[in-house]
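The values are calculated or read from the model by the stated rules, or taken from the named source; none is laboratory data. Since the structure is predicted, the reported quantities are computational estimates derived from the model, not experimental observations. Glycine also receives a Cβ, built like all others from the backbone with ideal geometry; neighbour counts cover every protein chain displayed.
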Amino acid sequence: MKRIFDTVLVVLLSPFWLPVFLLTAVTVLLCLGWPIFYCDRRAGLRGRPFTLLKFRTMKTGAGSDAERMTRLGSFLRRFSLDEVPELFNVLLGDMALVGPRPLPVRYLERYSPFEMRRHEVRPGITGWAQVNGRNALDWSEKFKLDVEYVGRRSLLFDLRILFMTVWTVLSARGISHGAEATMPELMPRGSAES
């Protein structure tokens, strides 16, 4: 049911998001050059890898994320426009509109059994952790909210999260983590809460 709902909603809303996608693609090409997409291997449902598509927001080359972040990239991230290509991931069945955010495949070996529960559902463009703090949360808070979503998931809960996402994007809450432009690396650690 959720998969059908996501696919139908993305297709029905395509007259709105496709022009945004095309305009953003051209802008990224003119300002940052090729490639316009940032592609990364992420862990999906049951930990299966897939290729996540996002618009590129940083200059290529060495340096920290903050050093490589561009003015355009900051704008795209501010309004979550860099996430628009993920709608194709939803159509391909790799992602859902709502679910835990997909994280790099290399993180799989760093999760506790409790945290691995986040992979019992498809990852989402937005999620319970995103509307409750986004990147301002630390990893343990994020994972608690992800697992809470897995336990509470329903169509009504997804609709609530989608509506909350609009406010989260417009208010630009939690885009960065402290002084960092993005979330810090999830480092290997001892056993987490279970």
List pairs: first in the stretch 29-49 and more than 15 Å from Gly73 (Cβ to Cβ) and of a type in the set (Gly, Ala, Ser), second surrounded by 16 or more Cβ atoms within 10 Å (Cβ to Cβ) and at pLDDT 95 or above, Cβ under 6 Å, 6+ apart or cross-chain? Ala43/Val105; Gly44/Phe50; Gly44/Asp94; Gly44/Pro123; Gly47/His119
State whether one or more residues within the stretch 114-130 are surrounded by fewer than 20 Cβ atoms within 10 Å (Cβ to Cβ), at pLDDT 95 or above and of a type outside the set (D, E, K, R). yes
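Test Leu91 against the criterion of being under 22 Å from Leu9 (Cβ atoms) and over 14 Å from the mean Cα position of the chain (by Cα), and give yes or no.
On the way: under 22 Å from Leu9 (Cβ atoms): yes; over 14 Å from the mean Cα position of the chain (by Cα): yes.
Against the criterion (under 22 Å from Leu9 (Cβ atoms) and over 14 Å from the mean Cα position of the chain (by Cα)), Leu91 qualifies.
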Identity of the residue in the stretch 54-64, within 18 Å of Leu81 (Cα to Cα) and of a type outside the set (S, T, N, Q), that ends up nearest to the chain's Cα centre (by Cα): Lys54
Selection from the stretch 43-61 of residues that are within 18 Å of Ala25 (Cα to Cα) and in a loop (DSSP other than H, G, I, E, B): Arg56, Thr57, Lys59, Thr60
Taking Val90, is it among the hydrophobic types (A, V, I, L, M, F, W, C), farther than 23 Å from Ala172 by Cα, touching a strand residue (DSSP E or B) at 6+ places or on another chain (Cβ under 7 Å) and in contact (Cβ under 8 Å) with a residue 12 or more places away in the chain? yes
Which residues, counting only those in the stretch 1-28, are touching a residue at least 40 places away in the same chain (Cβ under 8 Å), more than 20 Å from the chain's Cα centre (by Cα) and farther than 18 Å from Leu92 by Cα? Thr27
Residue ID - farthest from Gly73 (Cα to Cα), chosen from residues in the stretch 165-194 that are at pLDDT 85 or above and surrounded by 16 or more Cβ atoms within 10 Å (Cβ to Cβ): Leu186
